[in-house]
Amino acid sequence: MRAAMAVGTAIYGTASSIPHPQAIEQLAKGGIDWLFIDMQHGLATFSDLPGLCTMLRSHGVTALVRVPYDDYSVAQRALDAGAEGIIFPYIETAAEARRAVDACKYPPYGVRSFGPFWSPYGADIEWPNEQVLCFAMIESVTAMGRVDDILATPGLDGLFIGPNDLSISMGNGPSMASLYGVTADGQDPANPALMKGLETIREAAHRHGKWVGLQLATGAAAASAFNEGFNFVGISGDTSYLADACASEIASARKATR
Ligand code: 3PY
Ligand code: MG
């Protein structure tokens with residue numbers, strides 16, 4: 001993922017909430033480049049992680065873990081279990097971004113403690129210090145106002161935007177589902193303030209020489225976001241893929257039933 005972003009390749013991922021190796025393998029076989037195992041809203045626990053990360057690695061998919069809110073200790077455990085990057089939700093201050101980086105890096109760059117028993121790089125501390133990805137989620141108006149301070153954090157690789165939480169924080173409902181879905185030029189006139197927010201955050205990240213991604217609902221929306229300058233885009237997740245495909249087939253059967 002890091003190498004692809006460095007040369008500007010379009011990389012698409014998805015989210016996993018159902019922590020079973022064979023469920024995650026079906027996503028990997030779909031052609032994703034990266035995936036985040038969601039420990040904020042999904043069902044994964046620590047003992048699920050080594051098997052899930054191994055499965056992703058065997059398919060050449062970069063394994064990220066989104067840790068629960070305000071729980072930096074889970075990041076260290078996820079890295080021990082073989083995660084190649086961490087997504088920290090709802091970061092709002094530079095101090096929180098500093099704690100995120102600290103959790104991901106061994107001294108002198110952070111406070112990660114040694115115990116990588118299930119990670120492929122074992123006792124090597126230089127490789128993970130250089131390669132492990134550390135992303136702060138920007139998903140509130142407060143965070144947006146402090147985005148330059150957050151981006152100034154040494155060791156932070158970039159930002160990941162949560163459009164639903166950001167939209168809720170702006171006083172509207174969750175709006176990821178409709179984002180980038182309305183017009184051919186990728187603009188969503190239903191959410192002008194949110195679209196402006198995404199642009200502000202994206203430009204700030206690039207000003208600081210950092211990567212920026214976001215989570216969206218459809219492949220078409222993801223391509224629009226990439227074309228606009230986002231470096232990585234997540235497309236939907238396992239629960240929605242299951243629910244949507246099932247609902248669509250059942251509905252078409254009912255419609256055609258005489
Ligand atoms: C959000 O939209 O708030 C997210 O966290 C997406 O993953
Ligand atoms: Mg969120």
Item to check | Charge dipole of the chain about the Cα centre (unit charges at C-beta), most positive-ward option of SER175, ALA28, ALA256 | outcome: ALA256
Checklist entry - Based on DSSP H assignment, which helices of the chain show an axial Cα extent of at least 18 Å together with a mean Kyte-Doolittle hydropathy greater than or equal to -1.0? => result 192-207, 238-256
Next on the checklist: Need the list of aspartates and glutamates near LYS105 for cross-linking: C-alpha distance under 18 angstrom, and skip anything on the same chain fewer than eight residues off.
Outcome noted: ASP70, ASP71, ASP80, GLU84, GLU96, ASP124, GLU126, GLU130, ASP157
Checklist entry - If you roll a 1.4 Å probe over the heavy atoms of the protein chains, what accessible area per residue do you get for segment 1-136, in Å²? => result 42
Checklist entry - What are the residues whose amide H is under 5 Å from the amide H of GLY85, where those residues sit 5 or more places off or on another chain and H is modelled from the backbone? => result VAL65, LEU133
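For the chain, what's the relative contact order in percent, using C-alpha pairs closer than 8 Å and at least 6 residues apart?
Numbers: 494 pairs, mean separation 44.9, N = 258.
Normalised by residue count, the contact order of the chain is 17 percent.
Any chance you could run the full-extension gain for ILE168 through LYS255? It's 0.36 nm times the residue separation minus the Cα-Cα distance, nm to one decimal.
Working: separation 87, 0.36 × 87 = 31.32 nm, distance 3.55 nm.
Answer, rounded to one decimal: 27.8 nm.
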Checklist entry - Once a ≥ b ≥ c are taken as the square roots of the eigenvalues of the Cα gyration tensor of segment 109-258, is the result rounded (a/c under 1.5), prolate (a/b larger than b/c) or oblate (a/b not larger than b/c)? => result oblate
Checklist entry - Quick one: with all protein chains in place, what share of the accessible area of segment 1-72 is carbon or sulfur, to the nearest percent (1.4 Å probe)? => result 55
Item to check | Ranked order, LYS255, LYS210 - accessible area, probe 1.4 Å, largest first | outcome: LYS255, LYS210
Checklist entry - With all protein chains present, how much of the accessible area of segment 104-258 (probe radius 1.4 Å) comes from carbon and sulfur, to the nearest whole percent? => result 58
Item to check | Assigned charges on the beta-carbon of Lys, Arg, Asp, Glu; the chain dipole about Cα centre (debye) | outcome: 360
Checklist entry - Once amide H atoms are placed 1.01 Å from N in the peptide plane, what residues at a sequence separation of 5 or more from GLN215, or on another chain, have their amide H within under 5 Å of its amide H? => result ILE161, GLY234
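Compare GLU126, GLU228 by solvent-accessible area with a 1.4 Å probe and give them largest first, with all protein chains kept in place.
Working: GLU126 130, GLU228 55 Å².
Result, largest first: GLU126, GLU228.
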Checklist outcome for this item: Checked the chain with the C-alpha gyration tensor, a ≥ b ≥ c its square-rooted eigenvalues, rounded below a/c of 1.5, otherwise prolate if a/b is larger than b/c and oblate if not; verdict oblate
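The values are calculated or read from the model by the stated rules, or taken from the named source; none is laboratory data. All figures in this text were calculated on a predicted structure; none of them were measured in a lab. Heads up, the Cβs are rebuilt from the backbone with ideal geometry, glycines too, and the neighbour counts pull from every protein chain shown. Note: accessible area is taken over every heavy atom of the protein model, side chains too, but ligands, DNA and RNA are not part of it. Shrake-Rupley method; radii C 1.70, N 1.55, O 1.52, S 1.80 Å.
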